[in-house]
Amino acid sequence: MARTKTFLTPAEYGILGLLRQKPAYGYELQRHFSGRRGLGRVCPVEPGMVYANLKSLSGLELIDGSWDNTSYPPRAMYTATEAGEAAFRRWLLSPVARLREVRLDFLVKLYFALKEDRDLAQQLIQAQITTTREYADEIAQEQRELDEDPSEFDAIVLQSKASAARITIDWLEKALGNVAEYAAPVGS
């Protein structure tokens, strides 16, 4: 029976996403999380943690492993299960709720969305812009309700959150423009 776990880490979703694309060995997966390109740029994972994540995903029955005895030493080949495919898809299609998760969770989602379908990537970015605007509106409302001196701690914290939201929205809008520009058919 599958273990109960309330959430997966961005690295676990990354592994699941890679296994959706094609079956792989642990070492092959590790290569995606090292270096200064792709997933390694935003979600570096040590080799031992890749195997710990594989064990966790297997225990949740989101991936399946089988032994490949055609080489020595035998290696485990992993694939995503139907439940893993469904869990990944649900995760991929939803924007992140917390602004601090944009730099990791959202970027891992965007990595896979760009590989899967540029239209999907645009939809994901647009959904994240909407979510971030809603967050910025909530912060603005808190700022209006705050009856403290602007130099008080809570006021300073809200200023920081408002600034981060504005910067994030600007960046997301630029990213959306970049993805839309490169997704447009030639000659349009």
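Read the figures in this text as sums done on the coordinates, not as results from a lab. Owing to the predicted nature of the structure, the values given are computational and were not obtained by experimental measurement. Reconstructed Cβ throughout: ideal geometry from the backbone, glycine too, with neighbour counts over all protein chains shown.
Relative contact order for the range 70-188: 25 percent, from Cα pairs under 8 Å spaced at least 6 residues apart, divided by residue count.
Candidate cross-link partners of Lys55 among the aspartates and glutamates, defined by an alpha-carbon separation under 19 Å and a same-chain spacing of 8 or more, comprise Glu12, Glu28, Glu46, Asp64, Asp68, Glu82, Glu85. Under the combined filter of DSSP loop state and at most 13 neighbouring Cβ atoms within 10 Å, the range 41-125 retains these trypsin sites (Lys or Arg not before Pro): Arg98.
Along the charge dipole of the chain, Cβ charges K/R +1 and D/E -1, which of Ala140, Gln128, Leu107 sits furthest on the positive end? Among Ala140, Gln128, Leu107, the one farthest towards the positive end of the dipole of the chain is Leu107. Label point of Gln159 set 7 angstrom out along Cα-Cβ; within the range 118-145, amide nitrogens under 18 Å from it belong to 139-145. Based on the alpha carbons, how large is the Rg to Rh ratio for the chain when Rh follows Kirkwood? Taking Rg over the Kirkwood Rh, I get 1.07.
Model label points for Lys22 and Glu138, set 7 angstrom from Cα along the Cα-to-Cβ axis, are 4.1 nm apart. A simple spin-label model places the labels of Leu146 and Thr9 3.3 nm from each other, with each point 7 Å out along Cα-to-Cβ. Each label point was placed 7 Å from the Cα along the Cα-to-Cβ direction; for Arg36 and Asp119 their separation is 3.7 nm.
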